[in-house]
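The values are calculated or read from the model by the stated rules, or taken from the named source; none is laboratory data. On a predicted model such as this, the values are computed, not experimentally measured, just so you know. Ideal geometry is used to build each Cβ from the backbone, glycine not excepted, and the neighbour counts take in all protein chains shown. What goes into the accessible areas is simple: the full protein's heavy atoms, side chains included, and nothing from ligands, DNA or RNA. Shrake-Rupley method; radii C 1.70, N 1.55, O 1.52, S 1.80 Å.
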Amino acid sequence: MKHTTDWSRERCLDLDRTDPLASARSRFALPAGIIYLDGNSLGALPHGAVGALSRTILDEWGAGLIRSWNQAGWIDLARKTGDGIARLIGAKAGEVVACDSTSINLFKLVAGALAQARTRNPQRRVILSEKGNFPTDLYMAEGLAKLVGDGAELRWVEGDNLVAEFRPDVAVALFTQVDYRSGRVLDMARLNAAASAAGHDIVWDLSHSAGALPLEVGRDGAELAVGCGYKYLNGGPGAPAFVYVARARQAGFPMMLSGWLGHATPFEFIPAYQPAPDIARFQCGTPSILALRALQEGVATFADIAMKDVRAKSLELSDLFWTLMETQCREYGFQCISPEEHAKRGSQLSFAHEHAWPIMQAIIDRGVIGDFRAPNLLRFGFAPLYVRFIDVWDAVMTIREVMSAGDWRASKYQSRNAVT
Ligand SMILES: *Cc1c(COP(=O)(O)O)cnc(C)c1O
């Protein structure tokens, strides 16, 4: 439940002093004077990335040249980085590989699951998803259904009773565990059990979960998942995403984007495709080594940190933010649309407001960075490795100032940018 006691700036400073994650903030290069509440969209820069990238550029690329594929371990970097991510999501080493984008990776997994389902039973032809899912998930599924043809279709549904939609024509469901708009969390274990009973797969999109919540994909029966590298994993703009496939599913899984790095023996240069028996199969072409190095450093910001501590602080931060918005900004018409119940809430809060866009621009101008999501949401993400309690306090006070002075009405805040 939300805090009910009286809050003060001093109390927030006290919480920061006793915060078990306090020292993790020094792993990041955060600009002075900025309160960053958008790590759910682009994680902050890890100090480690700066040195690692410059070493990779100068020593490995510059001096090592092509030898670095072997000598600097470039060829194993995608799997090694995947192993680091595996620890954060409750997977085993060898079940995750970092590669491509989230969009591409969900195409791989949905395409393979669809193909397997249709082979077993041609009536299974539907890709099930939520209407409110992140658009790229829907677009990729729609494109895939068109490509496959022969009755394949995307069916999007609304409402809370997803299990009721697990019909006999469903081949695979594509669900995002934490909703990007509201932060609502789906019950992974329960839905996996229901899907398994109904006879179809679920491909999980963990973009807003990995690095934000403790995940136990193995224990909770998830076999197929993708996720994003540049959000809570701090991998940098456009970082490689990841693919998780439970060990038991790897060898038989049809890989439709059959690139050479997923081949069993890429350097034999055999004309016929023969997929690798393990997680290597889910790579497609040559990875960006610079991007993987940055992601590796992003994942390393979680070293020695227990996800249960991350979760505990995340909920305390969002509880505090919500309480302060209610007490300090009550008269300004913000309506929180995120679930109040902890088990149903990710690491963000979203507030509906009819002037959400100009308000967000005005507070960004004052150094508090959140983001706007159409049509009317102000979204604030809480990355517990670097967001402090004092940041929450100061952010809400900034919002209050902008609202009480009406600064957001300035004309410079009214026009939309290309990226919101
Ligand atoms: C951020 C996000 C993506 C991003 O996809 P890209 O291919 O990296 O652009 C996909 N799905 C969800 C649910 C996301 O939150």
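Being open to solvent by less than 10 Å² (accessible area, probe 1.4 Å), under 30 Å from Pro168 (Cβ atoms) and within 16 Å of the ligand (Cβ to nearest atom): is that true of Ala241 here? It is false that Ala241 is open to solvent by less than 10 Å² (accessible area, probe 1.4 Å), under 30 Å from Pro168 (Cβ atoms) and within 16 Å of the ligand (Cβ to nearest atom).
Scanning the range 260-279 for residues that are in contact with a Pro (Cβ under 9 Å, 6 or more places away or on another chain) and buried (at least 16 other Cβ atoms within 10 Å of the Cβ) returns Leu261, Gly262, His263, Pro275, Ala276.
Number of residues in the range 158-203 that are in a loop (DSSP other than H, G, I, E, B) and either farther than 21 Å from Leu377 by Cα or more than 16 Å from the ligand (Cβ to nearest atom) (or both) equals 12.
Is it the case that some residue within the range 102-118 is free of Cβ contacts under 8 Å to residues at least 24 places away in the same chain and open to solvent by 30 Å² or more (accessible area, probe 1.4 Å)? So far as the range 102-118 goes, no, none of its residues is free of Cβ contacts under 8 Å to residues at least 24 places away in the same chain and open to solvent by 30 Å² or more (accessible area, probe 1.4 Å). Within the range 88-98, the set of residues being in contact (Cβ under 8 Å) with a residue 12 or more places away in the chain and at negative phi comprises Leu88, Ile89, Ala91, Lys92, Glu95, Val96, Val97, Ala98. Pick from the range 91-142 the residues that are in a loop (DSSP other than H, G, I, E, B) and among the acidic types (Asp, Glu): which of them is nearest to the ligand (Cβ to nearest atom)? By that ranking, first place goes to Asp100.
From the list Gly333, Gly298, exactly one residue is open to solvent by less than 30 Å² (accessible area, probe 1.4 Å) and either in contact with a His (Cβ under 9 Å, 6 or more places away or on another chain) or not β-branched (Val, Ile, Thr) (or both). Which is it? Before the answer, list the steps.
Values: Gly333 fails: open to solvent by less than 30 Å² (accessible area, probe 1.4 Å).
Of Gly333, Gly298, the one residue that is open to solvent by less than 30 Å² (accessible area, probe 1.4 Å) and either in contact with a His (Cβ under 9 Å, 6 or more places away or on another chain) or not β-branched (Val, Ile, Thr) (or both) is Gly298.
Taking the numbered list (1) away from the ligand (no atom under 11 Å from the Cβ); (2) open to solvent by less than 10 Å² (accessible area, probe 1.4 Å) in turn, Gly221 passes all entries but (2).
Restricting Leu215, Leu206 to those that are touching a residue at least 24 places away in the same chain (Cβ under 8 Å), crowded, with 18+ Cβ neighbours inside 10 Å, at negative phi and away from the ligand (no atom under 14 Å from the Cβ) reduces the list to Leu215.
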